[in-house]
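First the structure, in the form of structure tokens, and then the observations on it.
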Amino acid sequence: MPRVDRVGNGGVGRRAHAGRVAGVGRRVPAAARAVLRALREDLWSAAARPLPPIATPGGQMWQPAVVVLLVLIAAVIAPFAVNALAFSPRYGIGMGTALLLGVVQAATLVVAAFRPVMAWWVTTAAMAVTAALPALVGDASTAGGLIPWTGPAITVQAGVLFLLALRLRPRAAAGALAVGVVVGLLCALPAPGSHPAGFGQAVAILATAAVLGAALRGRQIARTELVVQEELTAGERARRTLLEERNRIARELHDVVAHHMSVISIQAQVAPHLVEAPSDELRENLAGIRDSAVEALAELRRVLGVLRSEDAAADGVRHAPQPTLDRLNELIGTVRGAGVTVVTEIRGERRPLAPGVELSAFRIVQEALSNAIRHAPGARVRVEVGYHAAVLAVRVTNTAASGPAPPARDGGHGLLGMRERADMLGGDLVNGPLPDGGYEVLATFPLEDGS
């Protein structure tokens with residue numbers, strides 16, 4: 001009985017071994033088919049990337065320069081290729097055939113700028129034809145050299161492989177290098193004048209060209225992705241800055257709106273006491289108005305809690321009253337105390353305006369003064385406020401700086417905030433340099449009903 005078990009186990013082992021062999025036999029053809037499929041995709045139908053620019057990014061003059069350079073190189077290589085084929089004792093073929101092959105080999109370098117895969121196939125085929133010629137018409141008794149390549153031919157093929165690796169993915173460059181080496185090895189085997197040292201030198205030249213092209217391609221892709229990422233980052237930073245500025249404006253305007261809602265609530269509560277024998281309907285309506293105002297005020301406070309910054313400074317000053325143009329003299333006095341010459345001019349009759357207009361006008365003047373101090377040290381500043389029938393105009397100008405401005409520590413978003421404030425109230429903001437080297441900020445706000 002034990003003997004039967006051993007026989008049975010041996011049969012199972014033989015079947016398992018046969019199964020593994022069969023599995024390997026199936027995987028090898030599958031792997032070979034996958035390799036052939038990859039080579040066909042990479043070296044037959046692959047789309048090549050554009051050549052990287054050699055001038056400034058986005059420039060349009062790189063392609064003609066590259067083509068002219070390749071034409072000049074091909075023109076220099078062509079005579080050497082013809083000479084190597086027609087007059088070398090290793091080949092010694094007729095001038096007509098040598099001229100045809102030499103021109104074709106040199107021309108593939110130019111074609112590679114537009115069709116690198118096709119140029120690579122042509123130069124590989126030309127190498128195979130060149131290797132076959134000594135056995136047919138030449139005298140291949142001389143030893144040494146880069147058989148099956150000539151010196152000019154290996155230069156051209158390395159250049160084509162470099163351009164191919166520069167424009168296709170690394171897998172395609174590796175496949176082209178492998179196919180070229182295999183074809184070269186097959187062509188070199190029957191050549192009596194070839195030897196391993198020359199073949200190894202040729203393979204090293206081709207491998208160096210492929211690696212260099214792939215490295216430059218990777219660098220180009222990395223730089224392109226970096227530029228795209230920088231653009232996305234700049235756009236996101238601008239968007240975040242805009243949102244932060246709008247949140248800051250919303251926090252400041254909360255007090256203005258809350259003041260009006262409080263007034264509405266108080267007036268609705270007091271109104272019934274100002275009327276003799278108010279009706280129940282009147283009391284009910286006024287109570288509804290007061291309840292709505294109190295509810296709206298509570299909602300405003302909740303919204304402010306969402307928009308409020310977490311920093312201690314913002315939390316500490318959130319209950320301070322928002323400034324108006326009545327505090328303009330106080331602001332200018334502070335700036336003068338810092339050593340800045342400020343001249344003010346008020347045009348028209350000063351009158352109370354909507355709180356939102358007062359707050360935005362004050363903040364624009366404040367930001368414009370800060371910019372003048374920061375970016376134009378030693379300049380004289382002029383602040384003009386014009387009260388017109390339907391428009392409030394605020395203009396802040398400064399002369400040219402008398403000394404160099406310190407480097408900016410951050411990008412800042414003062415102009416963005418000023419523009420947001422003006423747009424929010426239906427106004428307009430214009431800013432820009434003046435002919436004398438100074439700077440101007442002009443904001444206008446429409447006034448409803450001339451108030």
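Quick note: the coordinates plus some simple rules give every number you see, no bench work behind them. Just so it is clear, the model here is predicted, and its values are computed rather than measured. Backbone-built Cβ (ideal geometry, glycine too); neighbour counts: all protein chains shown.
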Among 103-115, 269-281, 323-335, the order from most to least packed when residues are scored by Cβ within 10 Å on average: 103-115, 323-335, 269-281
Considering only the other residues whose Cβ falls under 9 Å of the Cβ of residue 385, what net charge follows from Lys and Arg at +1 and Asp and Glu at -1? +1
Whole number please: convex hull volume per residue of the Cα set in segment 349-390, in Å³? 75 Å³
Quick check on packing: order 154-164, 66-76 by the mean number of other C-beta atoms within 10 Å, highest mean leading. 154-164, 66-76
Computed lengthening from residue 228 to residue 390, 0.36 nm per intervening residue step minus Cα-Cα distance: 53.6 nm
Just order 209-216, 361-368, 231-238 by mean Cβ neighbour count inside 10 Å, highest at the front, would you? 361-368, 209-216, 231-238
Taking Cα atoms only, Rg over Rh for segment 319-395 with Rh from the Kirkwood formula is 0.97
